[in-house]
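Chemist: Please find one structure pasted underneath; my questions will follow.
The values are calculated or read from the model by the stated rules, or taken from the named source; none is laboratory data. Bear in mind the structure is a predicted one, so any value in this text is a computation, not a measurement. Counting neighbours? That spans all protein chains shown, and the Cβs are built from the backbone with ideal geometry, glycine included. Remember, those area values only see protein heavy atoms, side chains included, never the ligands or the DNA or RNA. Shrake-Rupley method; radii C 1.70, N 1.55, O 1.52, S 1.80 Å.
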Amino acid sequence: MTTPPRIAVLGAGYTGLTIAKLLARRTGAPVTLVNDRDHFVERMRNHQVAAGRAVTRRPLRDLVRGSGVRLLVDRVTRLDPAARHVELAAGEPLGYDLLVYALGSHADLDAVPGAADHAFAVAGVEQSEQLRDRMRTADTVAVIGAGPTGLETATELAETHPGRTVRLITGGPLGHQLTEPGQEHLRRALDRLGVRVHENTTVAKVDAGGVLLDDGRHLAADAVAWTAGFRVAGLAAEAGLAVDGTGRMLVDGTLRSRSHPEVYGIGDAAAARTKDGHVLRMGCGPGGLAGACAYHAITARLAGRDPRPLRLAADTLCVSLGAWDGVLQHTDLDGVPHGTPMTGRRVALIKKAVLRVAGRYNPRHPGISVLTARQG
Ligand SMILES: Cc1cc2nc3c(=O)[nH]c(=O)nc-3n(C[C@H](O)[C@H](O)[C@H](O)COP(=O)(O)OP(=O)(O)OC[C@H]3O[C@@H](n4cnc5c(N)ncnc54)[C@H](O)[C@@H]3O)c2cc1C
């Protein structure tokens, strides 16, 4: 009888928590899950946190109870693939035979001067809480970036703080990720909520009083919410694992590192590719599929079978525009939108269901993600 491998999963976000529980249940191998916080962060609700809505914090120890997963609350500081161990800020190094790297992403606050000092990154829950506190006294807030996170943040803030001025600043045209009917719906929603849109407007600097634009104008704001761009931790690159130009781990179609076969990368931290070479965007949807694919690949290889690679033909954006409106748009894997989008209240209901499944049901019953991930 062969000894099961020691499995270490780094990061207990949407993808790491799920795969750790699935692997412990299916393989019977000792699985250790490392996370720098003792609770599960539902990042997809950070804009709701910023707007002051109550978001329940669930302790990770409750979510892994009875699953066979050993939880270590500690920060990963270094990977040593040659020694096959992970160094931690407080604890002893953690040895592994098989590593799953799922450390997610964070805001790119180095993008312009002053952002790190004066802006609140909605990518992180602590800064979203700080933004919520600042909103108690702020008259004007500037949301930088009009990707899905920026749109959700601006609309949620405008809806919960109707008396304040919300500015939405984007370097490109508004709604480029939507087809024309979707763009029209988006503009109507922003108009209804009184959001002031500044399109094709580049922020050069953030300061204590607002933002300086690259054309020299200064837009006053009591709070600045940063949603423009995400980046990943440098740990994989520093350890000599193959990464792309942005530091995301390079993985094959089964989510296995291109340089280190005992390492798998999932979620925002890895640049997963479909069979025909499309790189998956950072996002919970693509991350969930990649996590399910990695789970199938690991269990197949442990059983001596050949795993099937990730298959995905299209993508879908589901963006809330306040609590009771939204837009759902199908896109190709390059983000090019197609077809008539769904809009309005039913999208808001779909989005609420997505958040509930990803943040409530799946962490407790991770088999859902395997069922919903269609693997051909
Ligand atoms: C406001 C907002 C709305 C969003 N809405 C959507 C949406 O509608 N649809 C969609 O697809 N995506 C959405 N996203 C993106 C989505 O949240 C991410 O793609 C998703 O969280 C990535 O999952 P992950 O498991 O890779 O990483 P995460 O969920 O970020 O988990 C990473 C985990 O690793 C931990 N960690 C990080 N570094 C260390 C370390 N050094 N040591 C130990 N632990 C560490 C973190 O604490 C965290 O628990 C949204 C994001 C935001 C901010």
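Chemist: Can you tell me which residue among Pro366, Pro337 is at pLDDT below 95, of a type outside the set (Gly, Ala, Ser) and buried (at least 17 other Cβ atoms within 10 Å of the Cβ)?
Modeler: Pro366
Chemist: State which residue is most open to solvent (accessible area, probe 1.4 Å) when the search covers only the stretch 202-216 and only residues that are part of a strand (DSSP E or B) and among the small types (Gly, Ala, Ser).
Modeler: Applying the filter and picking the extreme gives Ala204.
This table checks each residue for (1) open to solvent by less than 30 Å² (accessible area, probe 1.4 Å); (2) assigned to a strand (DSSP E or B).
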residue: Gly163; (1), (2): no, no
residue: Pro173; (1), (2): no, no
residue: Pro181; (1), (2): no, no
residue: His185; (1), (2): yes, no
residue: Arg188; (1), (2): no, no
residue: Val197; (1), (2): no, yes
residue: Asn200; (1), (2): no, no
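Chemist: In the list Thr137, Thr149, Thr153, which residue meets the criterion of being within 9 Å of the ligand (Cβ to nearest atom) and either open to solvent by 40 Å² or more (accessible area, probe 1.4 Å) or over 26 Å from His39 (Cβ atoms) (or both)?
Modeler: Of Thr137, Thr149, Thr153, the one residue that is within 9 Å of the ligand (Cβ to nearest atom) and either open to solvent by 40 Å² or more (accessible area, probe 1.4 Å) or over 26 Å from His39 (Cβ atoms) (or both) is Thr149.
Chemist: Could I ask something else about it? Among what's in the stretch 37-58 and is open to solvent by less than 20 Å² (accessible area, probe 1.4 Å) and part of a loop (DSSP other than H, G, I, E, B), pick the residue that is nearest to the ligand (Cβ to nearest atom).
Modeler: Taking the candidates together, the pick is Glu42.
Chemist: Moving to a separate point now. Give all pairs with beta carbons closer than 6 Å in which a residue from the stretch 7-22 that is open to solvent by 10 Å² or more (accessible area, probe 1.4 Å) meets a residue that is basic (Lys, Arg); count only pairs at least 6 apart in sequence or on separate chains.
Modeler: Once the first residue is open to solvent by 10 Å² or more (accessible area, probe 1.4 Å) and sits in the stretch 7-22, no partner that is basic (Lys, Arg) comes close enough.
Chemist: Go through the stretch 116-145 and give me each residue that's under 18 Å from the mean Cα position of the chain (by Cα) and free of Cβ contacts under 8 Å to residues at least 60 places away in the same chain.
Modeler: Those that are under 18 Å from the mean Cα position of the chain (by Cα) and free of Cβ contacts under 8 Å to residues at least 60 places away in the same chain: Glu126, Gln127.
Chemist: Sort through Arg61, Arg70 and tell me the only one that's in a strand (DSSP E or B), open to solvent by 40 Å² or more (accessible area, probe 1.4 Å) and more than 19 Å from Ala294 (Cβ to Cβ).
Modeler: That would be Arg70, the only listed residue that is in a strand (DSSP E or B), open to solvent by 40 Å² or more (accessible area, probe 1.4 Å) and more than 19 Å from Ala294 (Cβ to Cβ).
Chemist: Sort through Pro309, Pro337 and tell me the only one that's within 26 Å of Leu241 (Cβ to Cβ) and touching a Ser or Thr at 6+ places or on another chain (Cβ under 6 Å).
Modeler: Pro309
Chemist: Okay, next question. If the Cβ limit is 7 Å and pairs must be 6+ apart or interchain, which residue in the stretch 250-263 that is at pLDDT below 95 pairs with which residue that is outside any loop (DSSP other than H, G, I, E, B) and basic (Lys, Arg)?
Modeler: Here the result reads Gly253/Arg273, each pair linking the stretch 250-263 to a residue that is outside any loop (DSSP other than H, G, I, E, B) and basic (Lys, Arg).
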